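Peer 1: The structure that follows is given in the form of structure tokens.
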Amino acid sequence: MGKKRDKADDAAAEARAETKKERNRRYEKELARLQAELAHLQAWVKATGARIIIVFEGRDAAGKGGVIRRLTERVSPRVFRVVALPAPTERERSQMYIQRYMAHFPAAGEIVIFDRSWYNRPGVERVMGFCTDAQADRFLQMAPKVEAVMAEQGITLLKYFLTVSEEEQDRRFRQRIDDPLRQWKLSPMDIESYRRWWDYSRAFDEMLTRTDTDAAPWWVVPSDDKKAARINCISHILASIPYERVRFEAPDLGKRKKRPKDYEGEPTPRRVVPAVF
């Protein structure tokens, strides 16, 4: 009886493993299809001079970086620009709050992706005491007005908020602690966000409620399943922009010129990287 149970357990484990492999294959296939569409979007943006801003906010360890990497890994960084600003300088703190972000807004033919954005103010800055409640409240009053002006000026603004459960965030944080390749992702601010889960919950709830508008709505991305979050979010971005495929005019390479008879090459020895592989 024990041997039969062991065989049944082994068969069930194999079935689960096969299901995971199949799901990974489906994920990779769909991701490749979406990345091809992102290349078509890129060509359309360049051809039409469109200006697009994509804002990514959310819980720490919710997978923002993973979505952004899959968005940008097969396209030009000159068109898809990622902006992840550090803490403001003394000079920047004296400016109008959104001023340092506006400096990175897109010109014609650009998509700017903000890995965290002006929404730092009602989120991390408010919870951690880097701004007053009055300043955060003023921001929440003004942000919808500024974003409405952006839309009037022809900028397409897409805002995504990635959510993650307490249990999954805990698992990912502990994974980072144990993995040297991920330890750089842990900052003192991340640890505080872990401890202050409910403070952030209140802040995010108010932020989403007060800045969700017809001109610039928030889109929530459940991300306990990272791969599903990436596919769902990229699919939504593509569906939200009315791009068209631009005909690719294949260039005529012609013929390479023959090596000149008087070309001898530089005789100076070169430093060549050792062949270790």
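The values are calculated or read from the model by the stated rules, or taken from the named source; none is laboratory data. Just so you know, these numbers come straight off a predicted model, no measurement behind them. Note that we place each Cβ from the backbone using ideal geometry, even for glycine, and neighbour counts take in every protein chain shown. Side chains included, ligands, DNA and RNA excluded: accessible areas come from the protein's heavy atoms. Shrake-Rupley method; radii C 1.70, N 1.55, O 1.52, S 1.80 Å.
Peer 1: Would you list, by chain and number, the lysines whose Cα falls below 22 Å from the Cα of residue 185, excluding same-chain residues fewer than 8 positions away?
Peer 2: In chain and number order, the partners are 64, 226, 227.
Peer 1: Near the amide H of residue 157, under 5 Å away, which other amide H atoms are found, from residues 5 or more places off or on another chain, if H is placed in the peptide plane?
Peer 2: For residue 157, the qualifying residues are 53.
Peer 1: Please work out whether the chain counts as rounded, prolate or oblate from its C-alpha gyration tensor, where a ≥ b ≥ c are the square roots of the eigenvalues and a/c under 1.5 means rounded, while otherwise a/b larger than b/c means prolate and anything else oblate?
Peer 2: It comes out oblate by the Cα gyration axes.
Peer 1: In whole angstrom, note down how far apart the Cα centers of the range 112-128 and the range 35-110 are.
Peer 2: Between the Cα centres of the range 112-128 and the range 35-110 lies a distance of 14 Å.
Peer 1: DSSP loop (so not H, G, I, E, B), at most 12 other Cβ within 10 Å: list which GluC sites (Glu not before Pro) in the range 189-277 pass both filters.
Peer 2: Working: sites: 192, 206, 244, 249, 264; in loops: 244, 249, 264.
Here the GluC sites (Glu not before Pro) that fit, given the DSSP loop and packing criteria, are 244, 249, 264.
Peer 1: Full extension from residue 198 to residue 220: what is 0.36 nm times the residue separation minus their Cα-Cα distance, to one decimal in nm?
Peer 2: Values: separation 22, 0.36 × 22 = 7.92 nm, distance 1.81 nm.
Difference between extended and current length: 6.1 nm.
Peer 1: Now a separate question. Run lengths n ≥ 4 of DSSP H only: what is the helix-derived mean residue ellipticity at 222 nm for the chain, with -39500 (n - 2.57) per run over all residues, to the nearest 500?
Peer 2: Details: 9 runs with 135 residues, N = 277.
Value at 222 nm, helices only, nearest 500: -16000 deg cm²/dmol.
Peer 1: Then there is this: In whole percent, how big is the carbon plus sulfur part of the accessible area of the chain, probe 1.4 Å, protein atoms only?
Peer 2: On the way: 9720 of 18210 Å².
On the chain, the fraction of accessible area on carbon and sulfur atoms equals 53 percent.
Peer 1: Looking at the chain as a GNM with Cα springs under 10 Å, which of 39, 87, 50 has the largest mean-square fluctuation?
Peer 2: 87
Peer 1: Over the chain, what is the relative contact order in percent, taking alpha-carbon pairs closer than 8 angstrom and at least six residues apart?
Peer 2: On the way: 284 pairs, mean separation 72.6, N = 277.
Worked out over the chain, it gives 26 percent.
Peer 1: Please give the per residue accessible area of the range 142-191, computed with a probe of 1.4 Å over protein heavy atoms only, in Å².
Peer 2: Details: 2840 Å² over 50 residues.
Per residue, the range 142-191 has an accessible area of 57 Å².
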